[in-house]
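Single-structure report; data block below.
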Amino acid sequence: MINKKILENLVKGKPYLDHKNAVLSAPARHMFMIASIWFLSKQNKERNLSIMEIGTWFGASALSWAQGLAEHSNSKGSLTCLDAWEPFFDLKEHKNNDYVLEMEELLESDFAYNIFLHNINTVPKSIITQHLRGKSENILHYLKDESFSVIFIDADHTYEFVKKDIINSLRLVENYGIICGDDLNIQMKNVDKDFAMQNKNKDFIKDPKTNKNYHPGVTVAIEEIFGEVSSWGGFWAMQKINNLWKKISLKDMPVIYPKHFNQENLDKAKDHYNDIKNSLD
Ligand SMILES: C[S@@+](CC[C@H](N)C(=O)[O-])C[C@H]1O[C@@H](n2cnc3c(N)ncnc32)[C@H](O)[C@@H]1O
């Protein structure tokens, strides 16, 4: 009922991200997404960038990509949002996890999809937006080789799915384009490797070596495909250069906060960024 009221009271042209489940990842990561667009524009100012994200939810990350295009690419380019907007968690594993059950309900009821439709409509019209609704495993192989400058992977974080999403995306990235993603909390060299391998099909667990929570599926898939990648606070990226995947540097990036964030998420982004800024490459 409360969610129905929220949908009825959305304000045209104003993003809605006040819901407690609206911004799922660490807010500072959105600053590195915006900075990735700065990185690409710095290499080639004339380039018309095309971005696809796999896993969109309410559209918080989509709005950050759009802000990247607005800030660094003259508000030009295109943004494709791919998401099934349907329940996807393994409920045998998550049956007592209220957070997951809430997400499933927001997907099942189409609340997440309707909020996304509202939010994506706030993107400047000079940026072309489209969305593809369906499972990534059914859609990605219909897309043309080298058709995206950036592919951002943030859908199902369990090993089999995240690995498939990355592998199926590699050919879709153009030369000098970037593949990137969310939720690489810790890279393989820093975790208990045997434990990570044994638990790679779990969603989110505690690493016994660091005592930190992480997504083992993301850590293992990335290690198997690329080895070590560039990463900043859990956002990771690699650039395609003549069919080889290279790390990138965001050193000296402009510090730009997502303007669609509410005060709570802005404060989190600022604190997190200040904590890690001296260790950034
Ligand atoms: C973590 S959320 C995305 C968050 C979003 N990128 C953001 O930062 O605002 C994951 C999304 O992936 C979608 N998803 C999960 N598995 C999927 C699949 N196999 N194909 C397409 N979408 C999927 C879910 O519907 C959900 O909306």
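Loop sites by DSSP among the GluC sites (Glu not before Pro) of the chain, restricted to those with at most 16 other Cβ atoms within 10 angstrom, leave 47-145 as the longest stretch without any of them.
With the highest mean first, a sort of the peptides 274-281, 38-45 on other beta-carbon atoms found within 10 angstrom per residue produces 38-45, 274-281.
Between THR210 and ILE139, the distance separating the two model label sites (each 7 Å from Cα on the Cα→Cβ line) works out to 3.0 nm.
About the centre of its Cα atoms, segment 101-208 shows a dipole size close to 400 debye [charges on the beta carbon of Lys, Arg (+1) and Asp, Glu (-1) only; nearest 20 debye].
For segment 219-281, the list of chymotrypsin sites (Phe, Trp or Tyr not before Pro) that fall in a loop by DSSP and count at most 10 other C-beta atoms within 10 angstrom is empty. Around the Cα centre of the chain, unit charges on the Cβ atoms of Lys, Arg, Asp and Glu (plus for the first two, minus for the last two) sum to a dipole of about 820 debye. Within the shell of other residues whose beta carbon sits under 15 angstrom from the beta carbon of THR210, the net charge comes to +2, with Lys and Arg scored +1 and Asp and Glu -1. When the scattering of segment 11-131 is computed by the Debye formula from its Cα atoms alone, each counted once and equally, what is log10 I(q)/I(0) at q = 0.10, 0.13, 0.14 Å⁻¹? Log10 I(q)/I(0), no solvent term: -0.34, -0.55, -0.62.
For the chain, what class follows from the C-alpha gyration tensor (a ≥ b ≥ c being the square roots of its eigenvalues): rounded when a/c is under 1.5, otherwise prolate if a/b is larger than b/c, else oblate? Since a/c stays below 1.5, the shape of the chain is classed as rounded.
Identify the residues of segment 54-79 with backbone N under 18 Å of a label point that sits 7 angstrom from the Cα of LYS277 along the Cα-to-Cβ direction, or state none. Correct set: none at all.
Under 8 Å for C-alpha pairs, at least 6 residues apart: give me the relative contact order for segment 137-208, rounded to a whole percent. Could the numbers behind the result be given before it?
Values: 76 pairs, mean separation 25.9, N = 72.
Averaging sequence separation for qualifying contacts and normalising by length gives 36 percent for segment 137-208.
Between PHE58, PHE195, PHE161, the Gaussian network model of the chain with springs among Cα atoms under 10 angstrom shows the greatest mean-square fluctuation at PHE195. Using a cut-off of 19 Å between Cα atoms, the listed pairs LYS135/LYS164; LYS189/LYS251; LYS12/LYS125; LYS144/LYS240; LYS189/LYS247 include LYS189/LYS251 as exceeding that distance. Between rounded, prolate and oblate, where does segment 137-281 land on the alpha carbon gyration tensor, with a ≥ b ≥ c its root eigenvalues, rounded for a/c under 1.5, else prolate if a/b exceeds b/c? Oblate shape, in that a/c is at least 1.5 and b/c is the bigger or equal ratio.
Values in this text are rule-based calculations from the coordinates and carry no lab data. The shown structure was predicted, so the numbers you read here are calculated from the model rather than taken from an experiment. Note: ideal-geometry Cβ built from the backbone for every residue, glycine included; neighbour counts use all protein chains shown.
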